[in-house]
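Chemist: Structure below; questions to follow.
Please treat every number below as a calculation from the coordinates, not as lab data. Keep in mind the model is a prediction, meaning the values are calculated, not measured. Using ideal geometry, Cβ is built from the backbone for each residue, glycine included, and neighbour counts are taken over all protein chains shown.
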Amino acid sequence: MSSQFKNEIIEFSRKIGIDKIGFAPADPFVTMKERLRIQQEKGYASGFEKGSLEERTNPDLLLPEAKTIISIALAYPSKMKDAPRSVKGDRRGIFCRASWGEDYHHVLRRKLKQVEEFILQKDPRARCKEMVDTGELPDRAVAERAGIGWSGKNCAIITPEFGSYVYLGEMITTISFEEDVPLEEQCGTCNKCVDACPTGALVQGGQLDATKCIAFLTQTKTMLPKQYRKKLGNRLYGCDTCQTVCPENKGVDEHRHPEMEPDPEIVKPQLEPLLTMSNREFKEKFGRISGSWRGKKPIQRNAIIALAVFKEKASLPVLTKLMHEDPRPVIRGTAAWALSEIENSEDIYKEIDKAGSNENNEEAKTEMENALSFMKNAGEKSY
């Protein structure tokens, strides 16, 4: 019965647009528990993780009498049609590919809910618990055990069919199904992702210091440490470098789900208009994508950094206004740094000096003082 039931679920999953599905035993993740413990010990965890170490590695604590975990994967696009160009005077930022289209959490939860309803129709006594990304279980560990793909050196699940451009979700169930066979790791001697990581966050193949990862840094709400600012480039949310350099992703570009198609004006937006958006305007434009979940503040901070990286002189007026008038110290301080990076002139120096004299937040004030020192020391200017 379980073998037939499994095949029926697989067939149903294909009908509703699930690209890969796998079945894994709901045994404790012993190896993963040790890896997570080391991550915490070394200070590599991002802090976004949900649940205790036990909850993250023991499915039975999340659903008593758990027998099987069903893992699903949906392939997403890697290329954007009609992408607008970022040019002088009209600079644009970029959201990572995993944030293109409708928020994947919603998309996968709908699929998992359909699978759950199908299961309950066949077996009303069954109990299920689904999760996507924000649940306790590590999605990648589940997908690896369920044979969806192997865990790559870039810490992503790499599938033979879609590379690592897949969203993952899972469902714990009290039904016992025949388990699928995990795939062997196929990265071999390739180390391209580790070598290409902009911040050295990939400590070694398969080990990530999340606190250095640009994907994490773009989501923080505090002043971004200076050593990471220019490494952001024009990234507003997330980072794709360790995926784009992966040979397994070469030529992979799936357009299977209309709801995942990117709107170029949303995922590659103009930077300046971002800086003066109200909360309402931000939600109306970006609220549908996963990259908006932390609100507008980190996105706006990153947009300021991007303008500094571009050395966009046309943005000097709006950055000066933000430095003087924005109610948020992080934005004021970042704007001062950006101004000093874009133009070392007496006028800009005076504006930063004036802002620093009126600044009552210590962190923002320090940024302004550092900007002034940088401008003085650059070419030994005498302001």
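Chemist: What translational D, rounded to a whole number of µm²/s, comes out for region 122-195 from Stokes-Einstein when the hydrodynamic radius is the Kirkwood one over Cα pairs, at 10 °C and 1.306 mPa s?
Modeler: The calculation lands on 115 µm²/s.
Chemist: Could you state the per residue volume, in Å³, of the convex hull enclosing the Cα atoms of region 1-150?
Modeler: Each residue corresponds to 147 Å³ of Cα convex hull volume.
Chemist: Mind telling me which of Ile148, Ile214, Ile352 comes out most flexible in a GNM of the chain, alpha-carbon contacts under 10 Å?
Modeler: Ile352
Chemist: Once you have the Cα-Cα distance between Ser3 and Asn279, take 0.36 nm times their residue separation minus that, and quote the gain in nm to one decimal.
Modeler: So the extension gain works out to 94.3 nm.
Chemist: Can you list the lysines whose alpha carbon is less than 21 Å from that of Lys376, not counting same-chain residues fewer than 8 positions off?
Modeler: Straight-line reach from Lys376, under 21 Å: Lys226, Lys230, Lys311, Lys313, Lys350, Lys354, Lys365.
Chemist: Length gain on complete extension for the stretch Gln207 to Ser373, per 0.36 nm per residue less the alpha carbon to alpha carbon distance?
Modeler: 56.0 nm
Chemist: Can you give the relative contact order of region 152-211 as a percent, counting alpha carbon pairs under 8 Å and 6+ residues apart?
Modeler: That works out to 46 percent.
Chemist: Related question: Could you pull out every residue, at least 5 positions away or on a different chain, whose amide H is within less than 5 Å of the one on Lys20? Hs are placed 1.01 Å off N in the peptide plane, and Pro or chain starts have none.
Modeler: HN-HN under 5 Å from Lys20: Ala73.
Chemist: Turning to a different aspect of this structure: What is the Cα coordinate range of region 86-171 on the first, second and third principal axes, sorted by size from largest, in whole angstrom?
Modeler: Computed over the Cα atoms, the extents are 62, 27, 25 Å.
Chemist: Could you pull out which residues in region 169-188 have an amide N less than 11 Å from a spot 7 Å beyond the Cα of Glu55, following the Cα-Cβ vector?
Modeler: Counting backbone N atoms under 11 Å from the label point, the list is empty.
Chemist: While we're here: Which FRET efficiency, nearest 0.05, do Cys190 and Lys297 yield, Cβ-Cβ r, R0 25 Å?
Modeler: 0.10
Chemist: With only alpha-carbon atoms counted, please give the Rg and Dmax of region 260-383, in Å.
Modeler: Final numbers for Rg and Dmax: 15.5, 54 Å.
Chemist: What is the distance in Å between the Cα centroid of region 152-224 and that of region 1-61?
Modeler: Going from one Cα centre to the other spans 14 Å.
Chemist: Any idea what log10 I(q)/I(0) is at q = 0.12 Å⁻¹ for the chain, Debye with uniform C-alpha scatterers and no solvent?
Modeler: These q points yield log10 I(q)/I(0) values of -0.95.
Chemist: Next up: Please report, ordered by residue number, every helix of the chain (full DSSP H runs) that is 30 Å or longer along its axis going by C-alpha atoms and whose mean Kyte-Doolittle hydropathy reaches -0.5.
Modeler: Helices passing the filter in the chain: none found.
Chemist: Follow-up question, since we're still on this one. Percent relative contact order of the chain, based on C-alpha pairs within less than 8 angstrom and at least six residues apart?
Modeler: Relative contact order comes out at 19 percent.
Chemist: Let me ask something else about it. Working out 0.36 nm times the residue gap between His255 and Ala314, then minus their Cα-Cα distance, what length gain in nm do you get to one decimal?
Modeler: 17.6 nm is the gain from fully extending His255 to Ala314.
Chemist: From the phi of every residue in region 167-175, what ³J(HN,Hα) in whole Hz does the Karplus formula 6.51 cos²θ - 1.76 cosθ + 1.60 yield, where θ is phi - 60° and glycine or proline is x?
Modeler: Those phi angles translate into 8, 10, x, 8, 9, 8, 9, 8, 8 Hz.
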